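The block underneath contains the structure these notes are about, expressed in C-alpha cells.
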Amino acid sequence: MWTSFFVCVAALVAVLFVPGYAFLRCVGLDKTISLGFSPVVCIVLFCFLGCALHEVGSASSSIAYVAVLVALCIGVACVKVGSGGLDLSAEIVFSSATKILALYVVFGVVAASYMFLLPLDGPGSAVQTYDNVHQFGLIRSFADSGIWCSFHTTLYLDPASSVIDPIPGSGYYPAAFHLLAAFLVDMFGCGVNVSANAVLFAFTAFVLPVETFVFLRVLCNGDLTSTLFGMPFFAALPSFPWLLVDYWPLYPNIISMVLLPTLIVSFIKVLADGLPLRVRCGYATLFVLSLLCTVFTQPNSAFSAAVFLIPFVVYRSAQVAPGCRGSNACIAKSIAGGLCLFACAAVWVALVNAPFLQGVINFYWHSIFDWTQAVISVFGMTMLSGGIIPVGFLVLLIGLVSGLLDSRTRWFTCSFLLVSSIYVVAASAGDVWLKHFLSGFWYTDPYRVGAFASLCAVPIAALGAKTIYRAVLGALSHFVRNERWSKRPLRIGVLSLCLLGMLGSGLGDGPLASLEGNAAMLNNQAGYAPYDAAKRDFSQRAVALVPEGELLLNEPYDGSLFAYGIDGLNLYYRHMSGYDGADGGWESADSEAIRLHACDVAVDKDVRQDLDDLGIRYVLKFGEAPEWSSSVFPDYVRGDWDGIESIKDDTPGFSVVLAEGNMRLYEIDR
C-alpha cells in the first residue's frame, strides 16, 4: 500500500505544479511567481471543470481531467515553439534562489515525514474525529457519483443514494480537498483514506515549502538572505501546519492556509511600484484566481489575508498620498494612513454586523489559556501548544525589534502583532463582545487563528535570524578581512543552530513531540477509533452476506458514521448531524419514524412500509452507542435513536444473520 500511496503523492505533485507552471511561464510571469501560483491554477481549473461537467450532465473522471491538463501542456508547448521560446538544448542553471528553494523542499519533506507519515497506522490510516465524518464521506460521495462540484455537495450524490437521503438536499461546501482526493481514488483505485493522506502529505511536504519560499521572497523584496533564514521555521512551528494535522484535523483549512500566501503576494504585487500596466493586470488576474481558490478551499482564508494586509494598505496609502514628498510629507502621510486605517475599521465593523455572517461571528469557542499563557505562547512561538521554544523566543524578539525599526518590514511586523493580538483574545477570553468582534470571522476558534499567527511569525523569525547573522558577521569583520571566507560558514552555522533549536521541540515532551504522539494516538486504528479494526472486519463480513449494493439501516453514533466514507458501506444514516433530535428542521418524515420506531416493525405497519419504500431489509449494529458518544459526537442525543438501539436478538420481526460480541447483522422478517 505504501507504493500506491507514494504513486498518488507523485502524481498529485505533478498535477499541481507542472501544467500551471508551464501556463504561467508561457504568459510571461517569472519563475518564482509561476511556481507559487501553479497549484492555484490547477485547483481553480479542476473545480470549475467539475462544476461545468455537472451543469451539462456529464460525470467527472480522472481521465477527463488528465486530458484537459495534457491539452493545456500541449497548447503551451505549441505557443512556445511558435514563438521560438522553447529551447530544449538550453543549459540548466541552478541559481542561488533555486538552491534555497531546494532546501525548503527537503526540509518540508523531512518534517512532513516525521510529523505526518510516522504517526500513521499504515497509509490507509484514518483519523476519526468529528469533522472527518464529512471529509471522508464527501470524498466517497464524489468518487462514487462522478459529481465533483463544490456547489452541489452531499453524502448522497449517486442516483441510488439521492432518493433515500434522510436529510434531503445539497449545497455549497469548499470541496477542493475532496475533489483532489476523489481524483486520486478514480485514477488509481486507492482507498478514500489513502487518497486523503496523499493529499495532505503533498501539501505539507511540497506545496507548503514552495508557497512559504515565494511568500518570504516577496515580503523581503527579493532578499535571498532573509528568505534563506526562514527555512528553519516554516515547518518546525507546532501550530501550523501540524496542529491542524495532528491534533485538531481540519483538512480543508490546511490546504487553504498553505495557499494563503498567494492571496497576499498577488495583492502586494498589484500595488507594487514601477510595474507596467500589463504586468500589474497579470497580478490582478492572479489575485482574482487566488480569491476564487479560497471559495473552493476554505473562504475564511480571504478574511485572514485581508487582516494581514491591513498594515500594508495603510503603509502604501501613506507612500502614494498627495504631498508625501513635499515639505509637509509627515503630515500628509499621517493623514492618508489614518484615513485608510479608519476605512479598514469601518469595513470590519460592517462585516461584523453583516446578517449573512452572524452564524459565524456569534459562534463561541471556549478559551484554552488565560491571557498570560496566551501571550507567552506567542513569544515562545508555540501558540496553541503553550510554553516556549528558546531559540524561537530569541529570534522572534530580535525579529520584532528589527522589523519595527526598518520601514520596509514594519508593515508585516505590525501584521504579525495584529494577528497575534486576535489570537490572544480568541485563546483567553470568555464569551464576551470583544472576542466575537475580533475573532468572529474564524468562529472564535483559537486553533484556526493560532495557526494563522504561526504562519505570520515565519517572516519575523527570518528577520531575527538574519539580524543575528549580520551582527556576528559585523563582529567577525574586525578579525577576517575577506568576508567571502566568513559569510558561507556563518550562514550555515546560524541556519544549523536555528534548525537544531527548533527541531529540539520534537524531542522528549516538547511541543512537536507531543503533537506527534497525539497523532499516533489518533491514528491507532485498534485504539482511539469509533470505527475500529474489529468493526471494520465485522462490517466487511456482513456486507459479504447480503446482496450487492444492499442498503443497511444503522445507528450512526455506534461508530458506523465512518463506515460509508472509509469502506464504502451503503448505509442509510451517513450525516453527523441534522436530525430533529439534534438540530431540527430538514429531516424526512420516513427517517424520523425509522430512527424512533424501527424496533416495532412487527406491529407497526407504517414503519414497515417506510422501510419497504426505502428498500431496507437489513440492520447493521455495532452494539449500543458508547458512553463517550456525547463527547466525541456532540450531536448524539440519547433517546433519539431508540428505534434502532432497542433492536435485540429477541425483538420480534428481526433475525440474526451474523453475530460477534455485541455486533449484529439482522435481517428484517418478511
Heavy-atom accessible surface of the chain: percent carbon and sulfur, 1.4 Å:
64
5 Å is the cut-off here: which amide hydrogens, built 1.01 Å from N in the peptide plane, fall below it relative to Tyr618, excluding neighbours closer than 5 in sequence?
Leu553, Ile668
Gyration tensor (alpha-carbon) shape descriptor, the range 497-581, a/c threshold 1.5
prolate
Listed by chain and number, the residues whose amide H is under 5 Å from that of Ser60, excluding neighbours fewer than 5 places away on the same chain and using placed H, are Ile147, Trp148
With the contact rule set at Cα under 8 Å and sequence spacing of 6 or more, what percent relative contact order holds for the range 102-168?
19
Could you grab the relative contact order for the range 391-514? Cα pairs under 8 Å, six or more apart, rounded to a whole percent.
30
To check you understand DSSP bridge types, tell me what percent of the beta bridges within the chain (both residues inside) are antiparallel, rounded to 5.
75
Over the chain, relative contact order from alpha-carbon pairs under 8 Å, at least 6 apart, %:
15
Radius of gyration, Dmax [the chain; alpha carbons; angstrom]
27.2, 98
Spin-label pair Asn353/Ala471, simplified geometry with 7 Å Cα→Cβ offset, distance in nm
4.7
Order the peptides 360-369, 571-580 from the highest to the lowest mean number of other Cβ atoms within 10 Å of their residues.
571-580, 360-369
For the range 247-359, what is the largest minus smallest coordinate of the Cα atoms on each principal axis, given in angstrom and ordered from greatest to least?
55, 36, 27
Place a +1 charge on the Cβ of each Lys and Arg in the chain and a -1 charge on the Cβ of each Asp and Glu, then give the dipole magnitude about the Cα centre in debye, rounded to the nearest 20.
4600
Under 1.5 on a/c is rounded, so check that first for the range 31-82, then, if it is not, pick prolate when a/b is larger than b/c and oblate when it is not; a ≥ b ≥ c are the square roots of the alpha carbon gyration tensor eigenvalues.
oblate
Any idea how far apart Cys281 and Glu550 come out in nm if each label point goes 7 Å out from Cα toward Cβ?
6.4
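Just list whichever of Lys269/Lys466; Lys99/Lys487; Lys31/Lys99; Lys31/Lys487; Lys99/Lys269; Lys31/Lys269 have alpha carbons separated by over 18 Å in the model shown.
Working: Lys269/Lys466 24 Å; Lys99/Lys487 16 Å; Lys31/Lys99 14 Å; Lys31/Lys487 27 Å; Lys99/Lys269 24 Å; Lys31/Lys269 15 Å.
Over 18 Å apart, Cα to Cα: Lys269/Lys466; Lys31/Lys487; Lys99/Lys269.
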I'd like to check one number: the per residue accessible area of the chain, probe 1.4 Å, reported in Å² as a whole number.
40
Rounded to the nearest 500, what is the chain's calculated 222 nm mean residue ellipticity when only DSSP H runs of at least 4 contribute -39500 (n - 2.57) each, over all residues?
-19000 deg cm²/dmol
Taking a cut-off of 21 Å between Cα atoms, list the lysines near Lys621, but don't count ones fewer than 8 places away on the same chain.
Lys535, Lys648
Sparsely packed trypsin sites (Lys or Arg not before Pro) within the range 296-401, loop by DSSP, other Cβ within 10 Å at most 12
Arg325
Using the Cα gyration tensor of the range 305-400, with a ≥ b ≥ c the square roots of its eigenvalues, what is the shape: rounded (a/c below 1.5), prolate (a/b larger than b/c) or oblate (neither)?
oblate
Taking the simple approach of a point 7 Å from Cα along Cα-to-Cβ for both Arg638 and Phe6, what is their distance in nm?
4.9
Could you compute Rg(Cα) / (2.2 N^0.38 Å) for the range 376-515, with N its residue count?
1.22
Rounded to the nearest Å, the spacing of the alpha-carbon centers of the range 388-456 and the range 1-80 is 35
What order, most packed first, do the peptides 647-655, 606-614, 127-135 have when packing is the mean number of other Cβ atoms within 10 Å of each residue?
127-135, 606-614, 647-655
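The values are calculated or read from the model by the stated rules, or taken from the named source; none is laboratory data. Since this is a predicted model, take the numbers as computed values, not measurements. For neighbour counting, all protein chains shown are included, and Cβ atoms are generated from backbone atoms with ideal geometry for every residue, glycine included. Remember, those area values only see protein heavy atoms, side chains included, never the ligands or the DNA or RNA. Shrake-Rupley method; radii C 1.70, N 1.55, O 1.52, S 1.80 Å.
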